[in-house]
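Participant: If you scroll down you'll find the structure; I have some questions about it.
The values are calculated or read from the model by the stated rules, or taken from the named source; none is laboratory data. Only a predicted model underlies this, so the values are computations on that prediction, with no experimental measurement involved. So basically every Cβ, Gly included, is an ideal-geometry build from the backbone, and we count neighbours across all protein chains shown.
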């Protein structure tokens, strides 16, 4: 019984965390530049499930969106969203997960390691997403310089994303105690 229960539980928790990421992407916080809770969901998936399963939850989320399920911000979906100007930030979540997985596999799952892995993952997300944005924006609209791209896509999100990351740590720790898998 125990040998069949663990894979089923892992599958269910992975699917649940993909759904949590989707739910978080639909929650928009109004501000000068509105933002979603997507990053919070991604951080929670990685912290609760660990690097391997958390990255798998992110991949499931992206694949659902790619085939048209409206799991992205503003209830959008489809390959066009992933290939659009902000698609690099969505795909950057996968890079964030892979980096988190690598760092925690090498250094363990101590709180400081998890926090550092999330911060570094967020930096990779911003770098990849901004490079993608600049490429797509330049092809569709015209040249954009790095300062403008950072002003539109990174600076307004640093504080909110830092807060989401900081909140994900205690929330995930609490949830992880409850599910014990």
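Participant: From the set of residues in region 75-91 that are touching a residue at least 40 places away in the same chain (Cβ under 8 Å) and outside any loop (DSSP other than H, G, I, E, B), which is farthest from residue 128 (Cα to Cα)?
Facilitator: 75
Participant: Can you list residue pairs whose Cβ atoms sit under 7 Å apart, with the first residue in region 1-12 being under 18 Å from residue 49 (Cα atoms) and the second being part of a helix (DSSP H, G or I) and modelled with pLDDT of 80 or more? Count only pairs 6 or more apart in sequence or on different chains.
Facilitator: Listed pairs, sorted by first residue: 10/53.
Participant: What number of residues in region 4-25 are under 13 Å from the mean Cα position of the chain (by Cα) and crowded, with 17+ Cβ neighbours inside 10 Å?
Facilitator: 7
Participant: I would also like to ask the following. With respect to residue 68, determine if the residue is part of a helix (DSSP H, G or I) and either in contact with a strand residue (DSSP E or B) (Cβ under 8 Å, 6 or more places away or on another chain) or on the phi > 0 side of the Ramachandran plot (or both).
Facilitator: no
Participant: Quick one: residue 2 ticks every box in (1) touching a strand residue (DSSP E or B) at 6+ places or on another chain (Cβ under 6 Å); (2) at pLDDT below 95 except a single one, so which number is it?
Facilitator: (1)
Participant: Residue by residue through region 48-74, note down the ones that are buried (at least 24 other Cβ atoms within 10 Å of the Cβ) and free of Cβ contacts under 8 Å to residues at least 12 places away in the same chain.
Facilitator: Matches in region 48-74: none.
Participant: All but one of (1) buried (at least 21 other Cβ atoms within 10 Å of the Cβ); (2) within 18 Å of residue 157 (Cα to Cα) hold for residue 45; which doesn't?
Facilitator: Condition (2) is where residue 45 drops out.
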